[in-house]
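Enquirer: Here you go, one structure.
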Amino acid sequence: MTDPSLLEIRDLHVTYATGEGALPAVRGVDLTVDRGQIVGVAGESGCGKSTLASTILRLQPVNATVTGEVRFNGRDILTMKWGELRAVRWAGASIVFQGALHSLNPVHRIGAQIAEALHVHSSGLGETTVTGRIDELLGQVGLDPERARAYPHQLSGGQKQRVMIAMALACDPELVVADEPTTALDVMVQAQVLSVLSDLVRDRGVGMLMISHDLSVLADLCDRITVMYAGRVVEEGPAAKVFADPLHPYAGALSAAFPRVGDPAARFAPAGLPGDPPDPRHLAGGCSFAPRCPRAADVCLPAEPELVTYAEGRAAACVRIGEPRSPAERSRDHHA
Amino acid sequence: MPDASLRPSGAETTTTDRTAELSATGLRVEFPTRSGRVARALDGADLTVRAGEVVALVGESGSGKTTLARSLVGLTRPVAGEIRWEGRPMDRSTRGLKALRRHVQLVLQDPLGALNPRHTVYESVAEGLRIHKLVARSGRTETELVAAALSSAGLRPPESLFLRYPHELSGGQRQRVLIAGALAVQPQLLIADEPVSSLDASIRGEILALLLKLRDELGLGVLVVTHDLGLAWNIADRIAVMYLGRVVEAGPTEEVLTDPQHPYTQALLSVVPEMDRLEPIVLRGEIPDPTRIPSGCRFHPRCPALASGEADPVADACRGTSLPVLSGDPNGHRCACHLVDWRLSTDPEEVSS
């Protein structure tokens, strides 16, 4: 029997109970992350990508109902006993949250905050071991070990984000979940943080699940990309393929939103997607993307499309993929 | 289709007046710090924006781009330098600034923070009309003017949004309401600070298309402050790259972004995701503290050309000789770099600009 994947999510559903009825945030998501692999999850606000991230470590809010499986090294996190789950958190898998800039405690030195994670999860460490480990972690994310004595307000946004990454690595996790790790950072600082993350995966063979609304960032860094819309996976495949030659029209819209600098077709032609994502409480039948889709037709309306597999390890949920395209659509595809 | 409803009626100047020009020359802005040293947020910045064009002002956090934008509408007082509107120096009296802001409108970063949460969309958009007493002069009702501004910003039908509050709107709608508020007073220039950085990928393109449409149909000039070079490529006619309080490279967007001269612009461009053709040049660290601007070329401590030895022939100049301020002249591709100057003087063929 082969080893189980590092992370295997099967048919995950997450539904929030709200005052205005049940809100299905995640509706049947499958996803696999192997060791040494970076998997990207793309989608816009409200598509369920952050809910997916928090459910992986069972950090979802109390009003959420979760069904399906989240297997970490073959064991289902959703049904684990509390003690076992506690061992998995930090030491097995850790999360770098969105808005991490506000996740640091402002009244503690950053060294002490990293030490806390070390003490809680590997008890009995000596003070010198802990100090050495903090220096090592700060070095790994490109910070001067002297910075351990700094308070969060003394650091810039990029430096705080690196501290969050150092903290996530403190207990040598096998899996790191990064939720929008570079949103709100500058281009240059974003490049610095992304290179820290990709070095970690390459050097230490950890698996990483990276969540972002920016498909170009994911295409740069990831091995595979999953695109989510209204709580479902609409496309999955090798990162470069999904970005350069998307199958699903929604993936196409995300890909076109960030132009390649120097591409004459994007000059004075910003590509947007009209409309807003649907309210998950009131989903109509049929393809949930159809109201905003440039290719929508009558065939899209009867039922929500299933995820269908295609050549080169790709999958997409759109009934119109096999259909002949209009000349305009074809020329655009050739261009991409 | 031009939105004629927004054009002023009668003998007033029209918004398509293409002579309207806002320019800054040698602008210096200083902030005192607690340590007693002076932070030079702007250290000799030149920039010109004219009606009918989109100019992108790009740079990292701390480059002074937001300070420059705020100075241009008189929100920050410079210690030296000059701002001219339609050829006349900025009048800093209350009345003078009010008159300027009738023509030059600022759209702030972060729409949720910039809109008053207790004002309806109607109130927010009508505020400018009331301040500048534009309703009586226009010969139309306030409701008509608010509706026209909202539909110019792409919010249709406008009446359906009148009584909504900011929290009831999506991020893209909030950004459009802010833009509508600016458009209501029929300005000639719009200064937009990071108009899309907080928006989703799909909405980003819609807002950028709106800015382009305003340029084409109302002849508006737009200064976009951003750190996103893809945005500049999408909509800007010209681009100015700022570093530590100065413009270090400027020119037509095509030229600057396809043939960048300054090592800083080259580095910024190389880290844009999916730039396959370039080896990423990831600069170490961040912009230095503006209380201690490096001697010589302000970029030299982080300059990859100096570190690699490529700039050895001019290394002394890089470290010791300061560079002149780039003029705000809207024509031509200009760059403040000793290495580029040296190459131009030794082998004019090598550098195309």
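The values are calculated or read from the model by the stated rules, or taken from the named source; none is laboratory data. Bear in mind the structure is a predicted one, so any value in this text is a computation, not a measurement. Here Cβ is always computed from backbone atoms with ideal geometry, including for glycine, and neighbour counts include all displayed protein chains.
Enquirer: Looking at the structure I just gave you, is A:LEU143 more than 27 Å from A:THR32 (Cα to Cα) and touching a residue at least 12 places away in the same chain (Cβ under 8 Å)?
Expert: yes
Enquirer: Could you tell me which numbered condition A:ASP203 fails, if it satisfies all but one of (1) within 13 Å of chain B (Cβ to nearest Cβ); (2) farther than 24 Å from A:THR309 by Cβ?
Expert: (1)
Enquirer: Given the options B:ARG238, B:ARG277, name the one that is basic (Lys, Arg) and at pLDDT below 95. Lay out the reasoning, then the answer.
Expert: Details: B:ARG238 fails: at pLDDT below 95.
The conditions single out B:ARG277.
Enquirer: Right, here's the next one. B:VAL135: assigned by TED's automatic domain parsing to the domain that holds B:GLU206, surrounded by 17 or more Cβ atoms within 10 Å (Cβ to Cβ) and under 27 Å from the mean Cα position of the chain (by Cα), yes or no?
Expert: Considered against the rule, which asks whether it is assigned by TED's automatic domain parsing to the domain that holds B:GLU206, surrounded by 17 or more Cβ atoms within 10 Å (Cβ to Cβ) and under 27 Å from the mean Cα position of the chain (by Cα), B:VAL135 comes out as no.
Enquirer: Of all residues in the stretch A:233-290, which are among the aliphatic types (A, V, I, L, M) and within 25 Å of B:ILE235 (Cα to Cα)? It would help to see each step written out before you state the result.
Expert: Of all residues in the stretch A:233-290, those among the aliphatic types (A, V, I, L, M) come to A:233-234, A:239-240, A:242, A:244, A:247, A:251, A:253-254, A:256-257, A:261, A:265-266, A:269, A:271, A:273, A:283-284, A:290.
Result: A:ALA244, A:ALA251, A:ALA253, A:LEU254, A:ALA256, A:ALA257, A:VAL261, A:ALA265, A:ALA266, A:ALA269, A:ALA271, A:LEU273.
Enquirer: Additional query: Counting just the residues of the stretch B:285-328 that are of a type in the set (D, E, K, R) and within 26 Å of the chain's Cα centre (by Cα), which one comes out modelled with the lowest pLDDT?
Expert: Only one residue tops the list, namely B:GLU286.
Enquirer: A:ARG202 - would you say it is at pLDDT below 90, surrounded by fewer than 16 Cβ atoms within 10 Å (Cβ to Cβ), over 30 Å from B:VAL256 (Cβ atoms) and in contact with a strand residue (DSSP E or B) (Cβ under 8 Å, 6 or more places away or on another chain)?
Expert: For A:ARG202, the condition - at pLDDT below 90, surrounded by fewer than 16 Cβ atoms within 10 Å (Cβ to Cβ), over 30 Å from B:VAL256 (Cβ atoms) and in contact with a strand residue (DSSP E or B) (Cβ under 8 Å, 6 or more places away or on another chain) - is not met.
Enquirer: Would you confirm, using the coordinates I've provided, whether B:PRO313 is free of Cβ contacts under 8 Å to residues at least 60 places away in the same chain and within 14 Å of chain A (Cβ to nearest Cβ)?
Expert: So B:PRO313 does not fit the description; no.
Enquirer: Here's something else I'd like to know. When you go through (1) acidic (Asp, Glu); (2) over 21 Å from the mean Cα position of the chain (by Cα); (3) within 14 Å of chain B (Cβ to nearest Cβ) one by one for A:ASP220, which number turns out not to apply?
Expert: Tallying (1) acidic (Asp, Glu); (2) over 21 Å from the mean Cα position of the chain (by Cα); (3) within 14 Å of chain B (Cβ to nearest Cβ), A:ASP220 fails exactly one: (2).
Enquirer: Could you list, in sequence order, all residues of the stretch A:235-244 that are within 20 Å of B:GLY205 (Cβ to Cβ) and within 13 Å of chain B (Cβ to nearest Cβ)?
Expert: Passing the criteria: A:VAL242, A:PHE243, A:ALA244.
Enquirer: Just checking: which of the helices (runs of 4 or more DSSP H) contained wholly in the stretch B:53-131 hold 2 or more residues that are of a type in the set (A, V, I, L, M, F, W, C), surrounded by fewer than 16 Cβ atoms within 10 Å (Cβ to Cβ) and not assigned by TED's automatic domain parsing to the domain that holds B:ALA180?
Expert: Qualifying helices (runs of 4 or more DSSP H): none found.
Enquirer: May I pose another question? Which of the residues that make up the stretch B:37-52 are in a loop (DSSP other than H, G, I, E, B) and farther than 18 Å from B:GLY251 by Cα?
Expert: Answer for the stretch B:37-52, where residues must be in a loop (DSSP other than H, G, I, E, B) and farther than 18 Å from B:GLY251 by Cα: just B:ARG37.
Enquirer: Another one. Which pairs have Cβ atoms under 6 Å, sit 6 or more apart or on different chains, and link a residue in the stretch A:251-268 that is at the interface with chain B (Cβ under 7 Å from one of its Cβ atoms) to one that is assigned to a helix (DSSP H, G or I) and among the hydroxyl-bearing types (Ser, Thr, Tyr)?
Expert: A:ALA253/B:SER202; A:PHE258/A:SER216; A:GLY262/B:THR258
Enquirer: Before we move on, is A:PRO294 within 23 Å of B:ASP200 (Cβ to Cβ) and within 14 Å of chain B (Cβ to nearest Cβ)?
Expert: Yes, satisfied.
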